[in-house]
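Comments concern the structure below.
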Amino acid sequence: MSEDFKQAALDYHEFPKPGKISIELTTPAQTSRDLSLAYSPGVAEPVKAIAADPENAYRYTAKGNLVAVITDGTAILGLGNLGPLASKPVMEGKSLLFKRFAGVDSIDIEVESESPQAFIDTVRRIANTFGGINLEDIKAPECFEIERTLIEQCDIPVFHDDQHGTAIVTVAGAMNALEIVGKKIEDAKMCVLGAGAAAISCSKLMILAGMKPENIFMCDRNGVIHSGRTDLNQYKAGFAVETDKRTVDDALEGADIFLGLSGPNMVTGEQIKAMAKDPIIFACANPVPEIMPEIVSEVRPDAIMATGRSDYPNQVNNVLGFPFIFRGALDVRAKRINEEMKLAAAKALAGLAKEPVAQEVLDAYGLESLEFGREYIIPKAVDTRLLGVVSSAVAKAAVDTGVASKPYPANYPLKTLADI
Ligand SMILES: NC(=O)C1=CN([C@@H]2O[C@H](COP(=O)(O)OP(=O)(O)OC[C@H]3O[C@@H](n4cnc5c(N)ncnc54)[C@H](OP(=O)(O)O)[C@@H]3O)[C@@H](O)[C@H]2O)C=CC1
Ligand SMILES: CC(=O)C(=O)O
Ligand SMILES: [Mg+2]
C-alpha cells in the first residue's frame, strides 16, 4: 500500500465524522405528543405487550432487522490478535456492509473477555436485543465451541462469518473456477494453507459440495495435517489424511486448488510452479494475500487467481455472503442458518456470475466489459441483484428445511433496498 493510500484510509475513517456508522430515528420526535408516544407514558404500551408475548418484540422494536457484529478481537483479518478495541474499524465496516448491501441495521460490539466462557456469557446475556448475531474475527479453535454453544443457547441465528460466510463464497468461486478449467470437484486436489476458523469451515463446505476428504491437504504452521501427527486439536484432526506429504511444497505439488486462509506472503512463485495445469489460486488472507496476483501471473499465466481484496479481479470475500444470508434469514425469522441455507447461497452466487453484468457494475469498477470466465468467477460486491438472488435462495431453503418461523415473504425476490 502506498503512503498516499494509507493516509486516504485514515482520512476516510476520520472525516466527516469519526467512524463509519451512526444511528438514525425512524419515528417523529418533534412535538409533545410525539414524545408522549415515544417515551413516557406511551412507551409503557409496547412494554406490556412484549412482557405478555415476547414475539411482540419483533412488532414493536427494531429487533427483527438488527444484527450484532460481535468479536473478541483475537483474529482481526490476517493481522492477528490485536485485541477488541483495535478490531472496531473492521466491525464498523461489517455494519456498513450489512446496511449498504442488504438494509440490515447492525451495531458492532467488541468484547473484552478473559475466556471463551466469559465471551459466551456476555453474548448470551445481550442476545435478546437482536434478530441475529454475526460473530467476527474470533480465532480458532475457540471460535468453534463459542459458536456451537451460542447456537444452542440463543433462539436467533448465530453465524460465525469467518467460517461460514467465507465458506459459502469460496465454494461458489471454486465451483465456477473448476467449471471454467473443465475439472470436476470430485477429482480435484486442494492444498489449504491455514487450519483455523475459515480454513476448516471452507474445507467442510467443499466436501459437502462434492470434494473428496482424502484430496484435501490442509497445512498449519507445522506443515501438512496427516494421520501421524499427535499435536492436533479435534478440529484439525478431522482433516488428518493418510499421506507421505509433510510440507506446504508437498501439498502444492500437483494440486488443482490452493486455498490460502492464513497470513500475508506465505507462499512464493517458485512454490506454486509445482501445481497442476490451470491451477486455481485463492489467496484470501486480508489485507495482504498469501501471494500477490502479479507474482502468480508471472509464473503461472494459466492460473485462475482470486484474493479477498476489492482492488483485483475475483474477490473471494465473505462480503458477498453475510449481508444477504442474514437478510434472508431475518425475513423468514429463521431460528438458525443451516447447511442447506449455506449451500443454497453458494449456488445462487455461482449462478449469478453467469448472468450478463449490468452497466452500473462495470462503471463502479471502471471496466468496459466483463463476462463469466477466468477474470470473473464470482459476482462483484456492488451487483444489486445479489440482494434478490441470494436472500431469496436462503429464505427458500430455510422454509423448505423447517427452520423458518414465517412463510417465504410475499415481496421476494427483493429488487432494491426500498423493497425491504
Ligand atoms: N477472504 C475472506 O473472505 C476471508 C479471509 N480470511 C483470512 O483468513 C486468514 C485466517 O483467518 P481465520 O481463519 O479467521 O484465523 P484463525 O486465527 O482462526 O486461523 C489462522 C490460521 O492460519 C494459520 N497460519 C498462520 N500463520 C501460518 C503460517 N506461517 N503457516 C501456516 N499456517 C499459518 C494458523 O496456523 P496454526 O493453526 O498452526 O496456528 C491458523 O490455522 C486471515 O488472513 C483472514 O484475513 C478470513 C475470513 C474471510
Ligand atoms: C474478510 C474477513 O472477514 C477477514 O479477512 O477476516
Ligand atoms: Mg473476518
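Where a number appears in this text, it was derived from the coordinates with a stated rule and is not lab data. Since the model is a prediction, treat every value here as computed from it, not as a measurement. Positions of Cβ are backbone-derived with ideal geometry, glycine not excepted, and every protein chain shown enters the neighbour counts.
Mean separation of Cα pairs under 8 Å and 6 or more residues apart, divided by the residue count, gives the chain a relative contact order of 13 percent. Panel note: the C-alpha atoms of the chain, placed on their principal axes, show extents of 73, 52, 47 Å (largest first).
Using only side-chain charges placed at the Cβ, +1 for Lys and Arg and -1 for Asp and Glu, the dipole size of the chain relative to its Cα centre rounds to 1000 debye. Measuring between their Cα centroids, the stretch 154-168 and the stretch 60-111 lie 13 Å from each other.
In whole angstrom, note down how far apart the Cα centers of the stretch 196-210 and the stretch 17-31 are. Value for the Cα centre distance between the two parts: 40 Å. With the biggest extent put first, the Cα atoms of the stretch 13-156 measure 51, 41, 26 Å across the principal axes.
Arranged from fewest to most other beta-carbon atoms within 10 Å of their beta carbon, L349, L97 become L97, L349. Charge dipole (Cα centre; +1 on Lys/Arg Cβ, -1 on Asp/Glu Cβ; no other charges) of the stretch 13-156 amounts to roughly 500 debye. Kirkwood radius, the stretch 33-77, all distinct C-alpha pairs, inverse of mean reciprocal distance: 12.8 Å. In this structure, the residue pairs whose Cα-Cα separation is over 28 Å, taken from K212/K245; K6/K380; K139/K184; K94/K406, are K139/K184.
Gain on full extension, evaluated as 0.36 nm per residue between R148 and A8 minus their Cα-Cα distance, stands at 46.5 nm. Ordered by the count of other Cβ atoms within 10 Å of each Cβ, fewest first, R300, R374, R221 give R221, R374, R300.
Summarising the label geometry, the points placed 7 Å from Cα in the beta-carbon direction at E360 and A29 lie 3.1 nm from one another.
What residues of the stretch 34-48 lie in the reach of a label at T61, counting those whose backbone N is under 11 Å from a point 7 Å from the Cα along Cα→Cβ? Zone members listed by number: 47-48. The string of couplings for the stretch 24-36 from the Karplus curve (6.51, -1.76, 1.60, θ = phi - 60°) is 10, 7, 10, 10, x, 9, 9, 9, 4, 5, 3, 5, 5 Hz, one whole number per residue in order, with x for Gly and Pro.
Here T31, T243 are placed in order of increasing Cβ neighbour count within 10 Å, fewest first, which gives T31, T243. The stretch 221-256 and the stretch 300-367 have their alpha-carbon centroids 29 Å apart.
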